[in-house]
1. Just to be sure I follow: if Rg is taken over the C-alpha atoms of the chain and Rh is the Kirkwood radius over the same atoms, what is Rg/Rh?
2. Calculate the spin-label point distance for Asp474 paired with Thr55, positioning each point 7 Å from the Cα along the beta-carbon direction, and give it in nanometres.
3. Would the range 220-285 count as rounded, prolate or oblate if I go by the C-alpha gyration tensor, calling it rounded below 1.5 in a/c and otherwise prolate when a/b exceeds b/c, oblate otherwise?
4. Averaging over every viewing direction, what projected area does the convex hull of the Cα atoms of the range 362-507 cover, in nm²?
5. Can you give the helix-only mean residue ellipticity at 222 nm for the chain, where every DSSP H stretch with n ≥ 4 adds -39500 (n - 2.57) and the sum goes over all residues, rounded to the nearest 500 deg cm²/dmol?
6. Using 7 Å Cα-to-Cβ label points, what is the Gln590/His104 separation (nm, one decimal)?
7. Between Gln246 and Lys462, what length in nm is gained on full extension when 0.36 nm per residue of separation is reduced by their alpha carbon distance?
8. Tell me, what is the FRET efficiency for Glu179 and Cys84 to the nearest 0.05, using R0 = 45 angstrom and their Cβ-Cβ distance as r?
Amino acid sequence: MRIIVAFLLFSLLSQTQVPAQKLDVKKYDFTLELSDQNDEIVGEAIIDLVLFESTPSFSLQLVKKQDKTGMRVTRVFVNGLPSCFHFGEDDRVYVKNNTGNWPHNIPLQVKIEYFGIPGDGLIISDNKFGSRSFFGDNWPDRAHHWLPVIDHPSDKAEVEFKIIAPQHYEIIASGALIERINLSDGKSLHHFKSKQEYPTKVMVLAASEFKVTPYDTLKGVPISSWIYEENKTGEMDYLPSVAVFQFFSDTIGDYIYPKLVNVQSKTRYGGMENAGNIFYFENSVNGKNEVEALIAHEVAHQWFGNACTEKDWPHIWLSEGFATYMTDLYWEHKYGAEAFWKRLEKERKAVINFGKKRSALVVDSTVNDLMYLLNPNSYQKGAWVLHMLRNEIGDDLFFRVMQEYYDKYKYSNAETADFIETAERISGKDLGVFFRQWLYSEMNPDFEITWFIEEDERLKDKMLILKVKQKHEDHLFQLTLDVLFGQDLFSLTIDQEDNYFVLPVFKGHSPVWDPEIKLLYEADIHQRKFDYDSGDSLRFKKWSVREFNQRPITRKIDLSEANILLQPGDLLFQDLDCGPLCEAIESVTQGYRGADFSHVAMVSEMDESRIMVFEAIGGKVRETKLEDFLSRSQDDNGDPKVMIGRVKDQSIKDKALREIKKYEGKAYDDVFIIENDSYYCSELLYFSYLDKGEPIFKLYPMTFKKPNSDDFDPAWIEYYRDLGVDIPEGEPGLNPGGISRSPYVEMLYHFGKPSGYRE
Ligand SMILES: [Zn+2]
């Protein structure tokens, strides 16, 4: 029942614009002759079709000659017999039956002979090196500038290309190469044939002088690169297509085309996902491997857009939104959660900004100029709808939905209702509200969030009191907003205009909103006490808390975020590369999640322009600029090997900030002894972080021996020999690794990754 309800609802809302077509093309068989003398093409199209109703006249689209460009039709045949025709000013070739009706539901074969100079659709020009080339570029409906077709994605058909061209050209086209024959007049014939049905938007040919590089054959599909012969480098620029192919075919389902060719081209787009032979912009080849995301996007279209094709243009998100999210998924797979979140944040920003400029639905049936559909609603918001669906139904079900949808429609067309039906059927959930608010509302959630920490005795504990107000009172969303407080993740159900929550928390943190980048929203956030106790408006909401450490607890930040996310009193744990001594420290100490820490410091001062760090290093206790501190050691990505921990109790932290200043200028403690009025890094913190006068970090007997051994580490033997003192084996002390694992400390962020760190 719910499926039917959803279907009725969306079929009413979507108002599809499929033109009332009177026929279905089953197969195109094009013979085209290309020339070096001029830009005229000579074509013959044999079109197998079926009429839906008997009619005296039916038509195919072809752009008629005006001035210099356009086509002229010389003859038309039906089932081998010459036929009357009329080439209309509406760029349609009308095939007429002067004696009665053409029969319906019976296969007809129409042959159209034509010639002319394509004004668009087939780009005939010099490439960037000045060599003549031909590139089909049909999206969205520019195929009929050079091919007689039904130029709409709903009418997919098999296609054959027989291309006659001067022999110096390498030729690629839709389908598999059946044969290549040299003809007598210095020309060659290339014959390509498809078993699958293609929409006209991705049915093309290319002729140029190419350098062909085979990459690999995966699951029987050869993957290769075709770049202009003149390139000195760049043969491997399209290599990521191999890994992308592997990931998508493993994740979604088998690829349906006979080849995957990456072609340097004259496409007007950055990339054009032509089925089986993707065309990329000319400068994508530069030997620098800079187009991995573009490759992932276009390869994703082979599954979504080409195989599984949208039935009509308002449903373009089924193509572009899917390709965008598939690229995100590939990024997550290859580069991990942080990189994935970064892409999602960027996409979210694009959606929010676009929403302020233009009020439109994702499934937008008001657009006449199809180029307007290439907007963030189709791409980024479409991707975000899939991302939120994944969070709504979970990874397992989400990927099953994607696989099932692909499998069901990979040889045909689908519209939004088909995807919704699949998602509801596989998940067993009523997703009516979900899809209605994300696809059929022009709004995006906009919140005003107000929060403060309450220590009211009646509440027995510290509480985070917060109010989430939906600003669009006429478009209330039903959704979940996550907030991370320390290590507790709360999932807040937002379904009213004003939503109040009371959450049990440790004092002293700031909430992190939507830490895992799961929600498409924007918010103004204020830390401000509000009157929640008066009147009846406060409703204590139930909250759900789940363990947050299935994912890395610490979030990666960079210097630009440090100002927002760091707080005075935060601890900075550093993996220094100081040679044998640092290694000796790290070998006998255990840091948070295995991290090797050899140094620790405190964020002491923050203002708009700078962040200062208090530390014992290089002879004395002193303040250092954060940038200088961070520049000491880098991980493989060039990020500082520094993690950030926070002491949970604000009063301890406040006191520590005052306390630590007392030690400024004191000598560095080379010997590592507690009671000598000189200080090493962790010792400085030991004396600064106090609770009721007592240090919160514990002292343990120190060891200077090699792990699992009775022998001193040679680095320490040398070190203490130079100092002229005995090794203080067994004396009380502490180390950065131990502090990072203290129950008083919560590890929140990291810049880069220290060695040994396990996520
Ligand atoms: Zn695309």
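None of the figures in this text is laboratory data; all of them are computed from the coordinates on show. This one's a predicted model, so the numbers in the text were calculated from it and none came from an experiment. Methodologically, a virtual Cβ is constructed for each residue, glycine included, from the backbone with ideal geometry; neighbour enumeration extends over all protein chains shown.
1. Details: Rg = 33.4 Å, Rh = 30.5 Å.
Using Cα coordinates only, the ratio equals 1.10.
2. Placing both labels 7 Å beyond Cα along the Cβ direction yields 4.1 nm.
3. Prolate is the answer for the range 220-285, as a/c is 1.5 or above and a/b outweighs b/c.
4. Numbers: hull surface 45.6 nm².
Hull-based average projected area comes out at 11.4 nm².
5. Working: 16 runs with 180 residues, N = 759.
Calculated from helices alone, the mean residue ellipticity at 222 nm is -7000 deg cm²/dmol.
6. 7.8 nm
7. Details: separation 216, 0.36 × 216 = 77.76 nm, distance 5.04 nm.
Residue separation times 0.36 nm, minus the Cα-Cα distance, leaves 72.7 nm.
8. Details: r = 35 Å, r/R0 = 0.79.
With R0 = 45 Å, the Cβ-Cβ based efficiency is 0.80.
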